[in-house]
Amino acid sequence: MNGYIFVIAFYSIVMIALGFYFSKRRNVKDASGFFVAGRGLSTRLLFTTLLASNIGAGSTIGLAGMAYKYGISAWWWIGASGLGSIFLAYWVGPRIYAKACEHGFFTLGDYLEYRYSKLFRGTTSLMMGIGTLAIFGGQLLGIAWILQTVSGLSKTSGILIGALVVVLYSISGGLTSAAAVNMFQIAVKMLGFVLAAVAAYVAVGGFSGLAVKIAAVAPVDNVMLSWDGIGLTVIIGFFLMLTPSFCISPGLIGKVYGAESVEAVKRGTALNGVMQWLFGMLIVFIGMSAFAMVPTLANRELALPTAIIELMPFWIAALALAAIFAAEVSTSDAILYMIAGAWANDVYKGLINPNISSKNLLILGRVMMAVGGAVAILFAMVLPNIIGALTIFYTLMSVSLAAPLFFGLFTKSADSRGALLSAIIGVVVTIYFQFFATKHGVWLLNAQSTGILFSIAFMAVWTLMRKLRLPRPC
């Protein structure tokens, strides 16, 4: 058997086994244990489960692919994401966590119904359900690229194998067991990627050697060593799309709900954001090293696994590949919890059967994970690349949820009609500029950024007008 395949297969079996073990050990028998870990996650567990979710296909294979083409400026993708985690730690997280504890929320949809209405919850849950399938498809693509690089497996075979592993692992125990297994996954990721970055550093001759090698193979106008090489419009788009996304993601907020205290929310989430920034530098360096050594890849998203195999000794490469695989699986489990939360808790319980028992909700959540995994396979088959898949999800989330959530948490005047209209306007404006306008955005903004700002601006004006109309207390 191919040595790399053996390592990945062994690692997959270990993760599935650990998932079932912690499920039994921690006695996951109801929806509270499955969705929010019984609200018992310490700072350490919250940090590891958040970081494990945030280091996925986009921040490994996708980010390395961007660095392969654009160089150091690709880091702004992870820079914007990490900033969102900081905002979640100190502004959004503590407020929404307090509401979750007070009212027994399991998902973001629970809060949206409490703050606005059942209609708004149902509408956004349907949109998030579609977007979540796209982002899960992106993670499956990441797994497929790994398996293709190390063994020559087809894209289709890689996607099917990845879906089987992730679904079996995720349905075993929910957030309770995932938080425990994520500690093991984070250790593998950190060790694997640090060693991979060191090996790449040696292979290219350090930072000076990297610059020389890039200059030798790059076009004359190459911008790989420039912090704005990817373009100011793209960088602004990252911050307007990703920073709010990492504050309001239903998957991340669901994990925040599982914290044992407000202090755990602040410390665990903030540490996760800082580690995202540091981790991103490792991946960007490896991606740039791949370009310096193998500048002719047809698919830039093969840069990371190719660099690992070409530039590193077997034992480091095997550990690094296991780290990439861990990254895709740990992010995928968070996505499957979003799917379970959106369809089982938000749509079925919220709109169809509010009296469903906790035990039956647990069963339905696991069924929705399996169904979501099957549908996401179809998405992965047709999506061209990881970053494209993630962009679909982050765009839908930012343009529909950012304004309603922020105004709902920090003002008393926001109402359901304004929230729903702001979400619709954000989506419509984005679609218009993306597909019908001659210029994809206003001024320096792209379509997604324009849609987000239109949504926020509308919500701000609507809320202000409503505040002025409200009767003043005597």
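The values are calculated or read from the model by the stated rules, or taken from the named source; none is laboratory data. Being a predicted model, the structure only gives us computed values, none of them experimental. Cβ sites come from the backbone with ideal geometry, for glycine too, and all protein chains shown count toward neighbours.
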Free of Cβ contacts under 8 Å to residues at least 24 places away in the same chain, assigned to a loop (DSSP other than H, G, I, E, B) and over 30 Å from residue 154 (Cα atoms): does that describe residue 355?
-> yes
Hey, can you tell me all the residues within region 333-349 that are modelled with pLDDT of 80 or more, among the small types (Gly, Ala, Ser) and within 19 Å of the chain's Cα centre (by Cα)?
-> 340
Residue check, residue 366 within 22 Å of the chain's Cα centre (by Cα) and closer than 30 Å to residue 113 by Cβ | yes
Residue selected from region 425-444 under the condition touching a residue at least 24 places away in the same chain (Cβ under 8 Å) and part of a helix (DSSP H, G or I), by the criterion farthest from residue 460 (Cα to Cα) = 430
Output the qualifying pairs, or none if there are none: Cβ atoms under 7 angstrom, residues six or more apart or on different chains, first residue in region 366-390 and within 11 Å of residue 134 (Cα to Cα), second residue outside any helix (DSSP H, G or I).
-> 386/57; 389/383
Residues in region 146-155: is at least one modelled with pLDDT of 85 or more and among the charged types (D, E, K, R)?
-> yes
Confirm whether residue 185 is of a type in the set (S, T, N, Q) and at pLDDT 85 or above.
-> no
With region 250-315 as the region, which helices (runs of 4 or more DSSP H) entirely inside it contain at least 1 residues that are in contact (Cβ under 8 Å) with a residue 40 or more places away in the chain, closer than 15 Å to residue 50 by Cβ and hydroxyl-bearing (Ser, Thr, Tyr)?
-> 250-257, 262-293
Those residues of region 105-122 which are among the small types (Gly, Ala, Ser) and out of contact with any Asp or Glu (no Cβ under 8 Å at 6 or more places or on another chain) amount to 117
Pick from region 91-108 the residues that are within 19 Å of residue 49 (Cβ to Cβ) and not hydrophobic (A, V, I, L, M, F, W, C): which of them is surrounded by the most Cβ atoms within 10 Å (Cβ to Cβ)?
-> 107
Consider residue 311 carefully, then state whether it is modelled with pLDDT of 85 or more, buried (at least 16 other Cβ atoms within 10 Å of the Cβ) and touching a Ser or Thr at 6+ places or on another chain (Cβ under 7 Å).
-> yes
Take residue 61 and decide whether it is under 20 Å from the mean Cα position of the chain (by Cα), part of a helix (DSSP H, G or I), modelled with pLDDT under 95 and of a type in the set (A, V, I, L, M, F, W, C).
-> yes
Say we look at region 396-437 and pick out the residues that are of a type in the set (Phe, Trp, Tyr) and either within 23 Å of residue 96 (Cα to Cα) or at pLDDT 95 or above (or both); which of these is surrounded by the fewest Cβ atoms within 10 Å (Cβ to Cβ)?
-> 410
Residues that are under 14 Å from the mean Cα position of the chain (by Cα), farther than 14 Å from residue 87 by Cα and of a type in the set (Phe, Trp, Tyr), drawn from region 238-282 | 238
Every residue from region 347-374 that is more than 27 Å from residue 138 (Cβ to Cβ) and among the hydroxyl-bearing types (Ser, Thr, Tyr) | 357, 358
Which one of the conditions (1) surrounded by fewer than 18 Cβ atoms within 10 Å (Cβ to Cβ); (2) modelled with pLDDT under 90; (3) aliphatic (A, V, I, L, M); (4) in a helix (DSSP H, G or I) does residue 387 fail to meet, given that it meets all the rest?
-> (1)
Per the list (1) among the polar types (S, T, N, Q); (2) assigned to a helix (DSSP H, G or I); (3) in contact with a Leu (Cβ under 7 Å, 6 or more places away or on another chain), residue check on residue 413 breaks on (2)
Counted residues, region 95-127 - those being touching a residue at least 24 places away in the same chain (Cβ under 8 Å), over 19 Å from residue 414 (Cα atoms) and assigned to a loop (DSSP other than H, G, I, E, B) = 3
Return the only residue of 68, 97, 90 being modelled with pLDDT of 95 or more and in contact with a strand residue (DSSP E or B) (Cβ under 9 Å, 6 or more places away or on another chain).
-> 97
Scan 379, 393 and give me the residue that is aromatic (Phe, Trp, Tyr), surrounded by 24 or more Cβ atoms within 10 Å (Cβ to Cβ) and in a helix (DSSP H, G or I).
-> 393
Within region 211-226, count every residue that is within 20 Å of residue 308 (Cβ to Cβ) and either modelled with pLDDT of 95 or more or surrounded by fewer than 17 Cβ atoms within 10 Å (Cβ to Cβ) (or both).
-> 1
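Conditions tested, residue by residue: (1) within 18 Å of residue 239 (Cβ to Cβ); (2) touching a helix residue (DSSP H, G or I) at 6+ places or on another chain (Cβ under 6 Å).
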| position | (1), (2) |
| --- | --- |
| 365 | no, yes |
| 369 | no, yes |
| 372 | no, yes |
| 391 | yes, no |
| 395 | yes, yes |
| 433 | yes, yes |
| 443 | yes, no |
| 446 | yes, yes |
